[in-house]
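Nothing in this text is a laboratory measurement; each read-out follows from the coordinates by a stated rule. Please read all numbers here as calculations on a predicted model, not as lab measurements. Counting neighbours? That spans all protein chains shown, and the Cβs are built from the backbone with ideal geometry, glycine included.
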Amino acid sequence: MAENNLEEIKICIQILPDMSEEAQRKAIEENPQNAKSGLNFIEKFGDTVESSRMALIADKKWKPGRTLRVRFLDGDPVVHQKIAQVAQQWSQFGNIKFQFGNDPDAEIRISCKLGAGSWSYIGTDALNIPKNQPTMNYGWLKPDSDNKEYLRVVMHEFGHALGCIHEHQHPQAGIPWNRDAVYRYYMGAPNNWNKQDVDNNIFQLYSKNITQFSHYDPQSIMHYAVPKQLTTGGFEIGWNNYPSATDKQFIAQMYPLPKTGG
């Protein structure tokens, strides 16, 4: 990663999973499999899950085969079209579909407010958000944004919408952060976070008790770039612009196709 790329690092704002009783009730109504804890899931499927890789919050999965309705609340129609084209690619890897339109009851509602950061609620947590409010935002995509930027950002945010968390916060990540450098960078423009924001979005690791725990994947679409200017020992990870092979395998396991007789 070139030295002059540091100012280009813009990271998705983490939306913590809603662990309230109401959120859990809606998640289980959506998909009864959400009643099972992440640990029980791993005990049942063992190496099948361990061989895959994408951290997914337990209890936040949509029902496999679901068609999720998607509605834009504002923004440029050119941006809308590009987002829709990219997002549909998730359906190639798992039994889940997206229907873009103007349905007032849409499960996923997108705002394109520039400067408001890019973020998405995790999986079924979108069901707890009032229908006139966004469940996802794109804070820097413009009609002339590079196609790779659309691919990276949209696949990442829709990964959150399917229930996935940030890979750099996986409990096995072990990234050798230079904490002072990280604070200096993210507390300045363009992110302008406070110290708590940095802790929550960069340093905090998810407990294995609330994730579908498997091996850390630095190539995951849910992993943001890690420049060596923010680490020690020259450690760095470049931009991931598309789901990794193990991302695809994991989504296929979380949203499986129906079994056919034979």
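Under 5 Å between amide hydrogens, built in the peptide plane, is the criterion, and for Lys113 it picks out Tyr138 among residues at least 5 positions away or on other chains. Note on Asp197 and Glu21: their simple-model spin labels are 3.4 nm apart, each label 7 Å out from Cα toward Cβ. 3J(HN,Hα) couplings calculated from phi for region 168-177 with the Karplus curve 6.51 cos²θ - 1.76 cosθ + 1.60 (θ = phi - 60°) are, in sequence order, 5, 9, 5, x, 9, 4, x, 6, x, 5 Hz; Gly and Pro show x.
Translational diffusion coefficient of region 136-262 (Stokes-Einstein, Kirkwood radius from Cα pairs, 10 °C, 1.306 mPa s): 98 µm²/s. Local charge for Gly101 was computed over the other residues whose Cβ lies under 15 Å away, with Lys and Arg +1 and Asp and Glu -1, and equals +2.
The label point for Asn178 and the one for Lys10, both projected 7 Å from the Cα toward the Cβ, are 2.5 nm apart. Within region 3-254, antiparallel bridges make up roughly 40 percent of the DSSP beta bridges whose residues both belong there. Residues in region 224-252 near a label at Asp146, defined as backbone nitrogen under 14 Å from the 7 Å Cα→Cβ point? Label zone hits: 225, 238-242.
Legend: translational diffusion of region 3-254 by Stokes-Einstein, Rh = Kirkwood radius over C-alpha pairs, 20 °C, 1.002 mPa s; D = 116 µm²/s.
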